[in-house]
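All remarks here apply to the structure that follows.
The values are calculated or read from the model by the stated rules, or taken from the named source; none is laboratory data. Note that the structure is predicted; figures quoted are calculated from it, not measured. Note that each Cβ is placed from the backbone with ideal geometry, even for glycine, and that neighbours are counted across all protein chains shown. Only protein heavy atoms, including side chains, enter the accessible area calculation; ligands, DNA and RNA are left aside. Shrake-Rupley method; radii C 1.70, N 1.55, O 1.52, S 1.80 Å.
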Amino acid sequence: FPPRPDRVAIVTGGTDGIGYSTAKHLARLGMHVIIAGNNDSKAKQVVSKIKEETLNDKVEFLYCDLASMTSIRQFVQKFKMKKIPLHVLINNAGVMMVPQRKTRDGFEEHFGLNYLGHFLLTNLLLDTLKESGSPGHSARVVTVSSATHYVAELNMDDLQSSACYSPHAAYAQSKLALVLFTYHLQRLLAAEGSHVTANVVDPGVVNTDLYKHVFWATRLAKKLLGWLLFKTPDEGAWTSIYAAVTPELEGVGGRYLYNEKETKSLHVTYNQKLQQQLWSKSCEMTGVLDVTL
């Protein structure tokens, strides 16, 4: 990809796994990269490592706990005080198959962090993204979902999975919600003619620390055969990087991408009524003004 020294990117969860690889590759293209994460202790080491490897000094860390609406708002405030543009937002962070527990705001953790945290973050940064995009140089929102969304169900009456909790079902539902969110966001952006696009990516099965909560036999298989069956974090990050910078996707949004190719997501994700319902409910939960009513 051509160098992008004039572009600014935010990557959530950029201190580990796919997020780290994504941040590193964008920095290698000369971008100003802001890692949004909650791992303060690791941040310094990660930032200096990326700077060293990419010879790019424009890499920094800003604290953002996606499990806290207050923290997300503080992050956005700090970012906006920098008075810089934003060309790429990569919604990458996530938890996977954690035991039943709640975020600071009382939401089930998968739904609250993976989905609602990114919903709020994106909405709060939309004005900056719109100001930063221009004809032929759209700003881009890239959201990381997962193939587990194909087996998910969105229960609009119990988004918090409180009736019957299954870590797998809760994780899958959060990833399904991200696909619906992306498609609705793209429709809103296109309707107002803004130079911002929204796409969703599926990184594939990647060898990262996300698997620490899965069944012990799966963990063992990952340890023994991970190198054979799983993608490396660098390979897993590739579709995110592609969606963030490829000229082929200039002005193109509302796509589900796997291995850099457009793929069909679960049929229910194209249901505009469901997209709208989830969007309105999410606005209500996060205190965002619902512009689609």
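Among Ala139, Ala147, Ala191, the largest mean-square fluctuation in a Gaussian network model of the chain (Cα springs under 10 Å) belongs to Ala191. The residues of region 39-187 expose, per residue, 41 Å² of accessible area to a 1.4 Å probe.
Approximating the spin labels as points 7 Å out from Cα along Cα→Cβ, the Thr232-to-Ser162 distance works out to 4.6 nm.
Might you report the magnitude of the Cβ-based charge dipole of the chain about its Cα centre, with Lys and Arg at +1 and Asp and Glu at -1, to the nearest 20 debye? Walk me through the numbers on the way to the answer.
Working: 31 positive and 27 negative charges, 99 e Å.
Charge dipole of the chain: 480 debye, to the nearest 20.
The overall shape of region 39-105 is oblate: from the C-alpha gyration tensor, with semi-axes ordered a ≥ b ≥ c, the ratio a/c is 1.5 or greater and a/b is no larger than b/c.
Once the other residues with Cβ under 15 Å from the Cβ of Glu153 are scored (Lys, Arg +1; Asp, Glu -1), what is the net sum?
Details: positive: Lys175; negative: Glu108, Asp157, Asp158.
Local net charge: -2.
Sites count as exposed loop sites when they are GluC sites (Glu not before Pro), lie in a DSSP loop, and have at most 16 other Cβ atoms within 10 angstrom; the longest stretch of the chain without one is 1-152.
Pop out the carbon and sulfur fraction of the accessible area of the chain as a percent, whole number, probe 1.4 Å.
Details: 7210 of 13060 Å².
Answer for the chain is 55 percent, counting heavy atoms of protein chains only.
For Leu26, what is the net charge nearby, where nearby means another residue's Cβ is under 9 Å from its Cβ and Lys, Arg count +1, Asp, Glu -1? Result for the neighbourhood of Leu26: +4. DSSP assigns beta bridges within the chain; of those with both partners inside it, close to 15 percent run antiparallel. Considering only Met97, Met81, Met31, the mean-square fluctuation computed in a Gaussian network model of the chain, springs between alpha carbons under 10 angstrom, is largest for Met81. In this simple spin-label model, placing a label point 7 Å from the Cα along the Cα-to-Cβ direction at both Val288 and Lys78 gives a separation of 2.1 nm. In summary, the chain shows an alpha-carbon radius of gyration equal to 0.93 times the 2.2 N^0.38 Å reference for compact globular proteins. For the options Asp57, Asp40, Asp157, a Gaussian network treatment of the chain with springs between C-alpha atoms closer than 10 Å singles out Asp157 as fluctuating the most. Heavy-atom accessible area with a 1.4 Å probe sorts Thr70, Thr263, Thr15, largest first, into Thr70, Thr263, Thr15.
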